[in-house]
Each structure stands twice: as structure tokens, then as C-alpha cells.
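The values are calculated or read from the model by the stated rules, or taken from the named source; none is laboratory data. Just so we're clear, the structure is a prediction, and the values are computed from it rather than from any experiment. Here the Cβ positions follow ideal geometry from the backbone for every residue, glycine too, while neighbour counts run over all protein chains shown. SASA here: full protein model, heavy atoms, side chains in, ligands and nucleic acids out. Shrake-Rupley method; radii C 1.70, N 1.55, O 1.52, S 1.80 Å.
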Amino acid sequence: MVAGWKSTTARVCLTSALSGVIMLSAAGCSPEQRTLVAVYVDERGTAQALLRSCDEDGRVRGPELRGTMARAAEGATSDATQDTVPAASETDVPWIGWDTRGPHVAADFPLFAPPAQWEAETRGPQTLQPGYTYELAFGDPDDAYVYSASVTFDVDQLARVPAGEVLTGQGAMTKDAFEGLARKAC
């Protein structure tokens, strides 16, 4: 009787422990999104990026700007045209923009000219392109996946941001409102 009780207790404890690990793993997969990134067009017509950090040293991990072309609607291509479209090769550029590796000090800079010390890898044209959706993003500098920050936009959305305002993941707002949200996010 005692042996059966111990076996049942062990199974219950093991099941509970595994359930807890699974729950924690699932909860830890997606970092919290914080309002720490903004874009805007300055008075000269140049797209600008603003990155803020929650790190005491002002660091962000792997900042990047990725532009991807909007896909055509499913089924829009006929069988006849599918045969004439060349297959994508490994040399095709699936995204345009730039990316970096490792931690860097957060900064304000022209969108397509990240600080030189970041040693960004660039792909494709380094100007805003119609038909592309862009995401400017970075992660927690300690690689702990506690938080990340991003803003997604296209040329038209950025053009509609009123003068003196910035575009964030929360929408358009004044620069002061963005700075306040960034402070509160930390």
C-alpha cells in the first residue's frame, strides 16, 4: 500500500513539475513589447529613427531595419504565368534595409544611416521604397528576452505622420509623448 502511494505521489509531483516548466517556457517565448522605437520625417524630408533603452548603459541588442515587399494576393497568378516566373535564387535579396549583431548604444540617426560603429550589414536600396513594409526593431541588450521594441510602417504611413510627431507601435504622437512613454516602459 505504501509503495503504491509513493508511486502515485511521485507521478503527481513529476506531472506538476513538468506542467510548470511547460507553462514557464511558453510564457517566456515572447518578450514584452515596449514603446522604445519611433520613426519620423524631419523638416528636410529625411526619415529618422529614435531608439531608447531600458538598460542603465543605454544599450540595445541587434537593432535592425527590415523592409519586405508586400505579397501579391493568393491565386493572383495563373498557371501559365507561373511557368515563366524564375524561381528565387539564394542571391535574391528577400529583404532590404540593414541589421547588426550584438549590443550597441541606443541613438537617434537617419533611418538608413545607422551609426558607423554598429558596422551594419546593408541589403538593397537604402531609401524608403513603395510597396515595402518596414520594421525597425531591437531586443533586450542582455539577451535575456525580457523585452523588445519595434515599429512597423510603410512609406504612406510615414508620410501621413503630422509634422512635429513621431510614429511608434502605439501610433503617431508628439516626440515628448514618445519620450514619456519610453521612460514609463522601463
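Loop only by DSSP, 12 or fewer other Cβ within 10 Å of the Cβ. Give me the GluC sites (Glu not before Pro) in the stretch 95-158 that pass, ordered by residue number. Numbers along the way, then the final one.
Values: sites: E119, E121, E135; in loops: E119.
Filter output for the stretch 95-158: E119.
With a ≥ b ≥ c the root eigenvalues of the C-alpha gyration tensor of the stretch 108-186, is it rounded (a/c under 1.5), prolate (a/b larger than b/c) or oblate?
oblate
Students often check this: by mean Cβ neighbours within 10 Å, which of 97-105, 40-48 ranks highest, and how do the rest follow?
The peptides rank, most packed first, as 97-105, 40-48.
Summing Lys, Arg as +1 and Asp, Glu as -1, what charge do residues with Cβ under 9 Å from the Cβ of D142 carry, D142 excluded? Don't jump to the answer; show the numbers that get you there.
Details: positive: R59, R61; negative: D55, D140, D143.
Summing Lys/Arg as +1 and Asp/Glu as -1 gives -1.
In the stretch 147-186, carbon and sulfur make up what percent of the accessible area (probe 1.4 Å)?
The nonpolar share, carbon plus sulfur, comes to 48 percent.
So which chymotrypsin sites (Phe, Trp or Tyr not before Pro) in the stretch 126-186 are both in a DSSP loop and have at most 14 other Cβ atoms within 10 Å of their Cβ?
Sparse-neighbourhood loop chymotrypsin sites (Phe, Trp or Tyr not before Pro): Y145.
Give me the 1.4 Å probe accessible area per residue for the stretch 90-186, excluding ligands and nucleic acids, in Å².
I get 55 Å² per residue for the stretch 90-186.
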